[in-house]
1. What base-10 log of the normalised intensity I(q)/I(0) is obtained for the stretch A:97-138 from the Debye formula, alpha carbons as equal point scatterers, at q = 0.20, 0.30 Å⁻¹?
2. Any idea how far apart A:A320 and B:T126 come out in nm if each label point goes 7 Å out from Cα toward Cβ?
3. Can you work out the base-10 log of I(q)/I(0) for the stretch B:125-215 at q = 0.10, 0.24 1/Å, using the Debye formula on its C-alpha atoms alone?
4. Sequence gap at least 6, Cα distance under 8 Å: using those rules, report the relative contact order of the stretch A:226-354 to the nearest whole percent.
5. Check A:M79: other-chain or 5+ apart residues with amide H under 5 Å from its amide H, H built from backbone geometry?
6. Averaged across orientations, what area in nm² does the convex hull of the alpha carbons in the protein assembly as shown project?
7. According to the square roots a ≥ b ≥ c of the eigenvalues of the Cα gyration tensor, what is the shape class of the stretch B:1-147, taking rounded for a/c under 1.5, prolate for a/b larger than b/c otherwise, and oblate for the remainder?
8. Determine the sum of side-chain charges near B:A49: Lys and Arg each +1, Asp and Glu each -1, restricted to other residues whose C-beta is under 14 angstrom from that of B:A49.
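Just so it is clear, none of the values below were taken in a lab; they were calculated from the coordinates. This one's a predicted model, so the numbers in the text were calculated from it and none came from an experiment. Counting neighbours? That spans all protein chains shown, and the Cβs are built from the backbone with ideal geometry, glycine included.
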Amino acid sequence: MTLSFDARVADRGFDLSFDVAPGETVAVLGPNGAGKSTLLNLVAGLVRPDAGRATLDGEVLFDTAAGAFAAPHIRGISMLAQDALLFPHLSVLENVAFGPRSAGVRASAARSAARDWLAEVDALDLADRRPAQLSGGQAQRIAVARALASEPRLLLLDEPMAALDVSVAPAIRRMLRRVLEDRAAIVVTHDILDAFTLADRVLVLADGAIVDEGATREVLERPRIRFTAGLAGLSLLTGVRTASGLLGGDGVELRGVAVEPVSVGAPAAASVRPSAVEVSLTAPADGTLNRLRGTVRDLEPRGDLVRVRAEALSADVTPARAAELDLADGTPVWFAFPPGALSVYGDVSTPPSLVE
Amino acid sequence: MAGFGGIPRWVAALAALGALFVVLPLAAMIARVNWAEFVPLITSESSVAALLLSLRTSLAATALCVVFGVPMALVLARARFRGQKVLRALVLLPLVLPPVVGGIALLYTFGRRGLIGQSLEVLGVTIAFSTTAVVLAQTFVALPFLVLSLEGALRTVGTRYEAVGATLGAGPTTVLRRITLPLVFPALLSGAVLSFARALGEFGATLTFAGSLQGTTRTLPLEIYLQRETSPDTAVALSLVLVVVAVIVVGFAHQAGSSGYLRGGASR
């Protein structure tokens, strides 16, 4: 299966194109309102584009120039939403058998197929239950089985784990990793762990356009835009590549490790993990460290650590350290981190394909 | 005490007065029932004819309401087109229209010299003052009840389940049959029951458009009105029959409306 997609929706400011290769799972990341759900709805056929063309295995899904639009039920694309949305009037087994039945399979054959898919998601024992008798995690397992039972050419997942308890999400994630292994799928998620676990490639959307894309590790471990850096929990610095690191916009040169070749003088990005950054009130004496001044903008307790945010950098310190330094919004501080903690790579203006 | 009530006493007093206003006339009527003659009164030839005619026509009208009302509710709830609001207002018009006006309108449509009646007359079909006219009059006034209750239910269940069904490969008719209609079935049932009750009580449009011929167009309400002059005991006894039917119908509609998937659990 190969998906080729190009669409515009004027009133949502949506305009983008991408492809999905056979067996590939693509994660779609982006802030709320970026157009992630619109993308899925366009692929599924639940929203009509103003302009554009999309094909699945060469079959036209929509082609506004030719006036073609395939109804959702003939696309062979099933969608799994945040809520399981199991049909409340049907048993679990009948829910899963719904797809095969709709495809014209006889009732008994559809039920036996449904049992196979329930076994696939380890939920065969729930076959006779009603949806109202299921927990959220169980319902989502059934929804996955139901989506797979219709044997879609492409599976769409809209934040499949967002409504689940943190205690059941890992099991569902493992199950999804197994079933998505050699299936083509598009997964909308807010969770970087989902992207790492499930996706071969990520698209990052903002305001209806793709702002970053590439192999999952590349995009998330070398973020080029603030949104992905935030998702990956990294501080993003931009500037110009120097022989030893990066010259920031504020004129401070930082030493770092180039994780991909960028020629000296070219625009570059760099990232550092907050856990590698130390905070002090006076300039650190150790000259081998990168040192940067900043003003505290926000303190966020995160379990056993406190994340100290300044304009350019964040640092994780212990609560005891934060209290000792008497940190508050507006406190001027020094940040320090070893050169080895700063990864330097091409910036957003450098297409990933040109970075070798 | 079971928690904070928060109702001022004067509100409770007015509510009690209102309830009394509904219950008292019924009690007064029941007090006038001639129990000794009750069974002979309601089993007289004209009474049985009226009762059977009422049941037959009301069932037929309810069937017409379902056949046409379900598609109307679907179109009003799901489609989007120009003039939709106007159409909804027009469809609901019989709810607020005096039934006698509806009867006159029907007469000028299906009557011998009516808009359509004229052509039907040529084909040898006469509708006015026939049992068919009774059914049409009842359908006219009862249809909005079914459309209204079903449209509301369709909006409440929304289109999310239908969208899921479509992405699972179900065509529009399969989605309607296997998802939409089962989900709104309780509302369909209670709407149909309300339509049946409205049809059963129909008086004004029937009298105007169908007349009052025993066994052909004289339904129970018409029979009651007629008997009121000559035999008040019969009128009261038949009224009681209608009250009992109405109570059963309301109880049934209430039961159907409160079960089902619309209340809670629908999101799971």
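1. Per q value, in the given order, log10 I(q)/I(0) is -0.65, -1.03.
2. According to this spin-label approximation, the distance is 10.6 nm.
3. -0.40, -1.06
4. This gives 31 percent for the stretch A:226-354.
5. A:L156
6. 42.8
7. Note, shape of the stretch B:1-147 comes out oblate.
8. Working: positive: B:R56, B:R218; negative: B:E45, B:E223.
Every neighbour counted, the sum reads 0.
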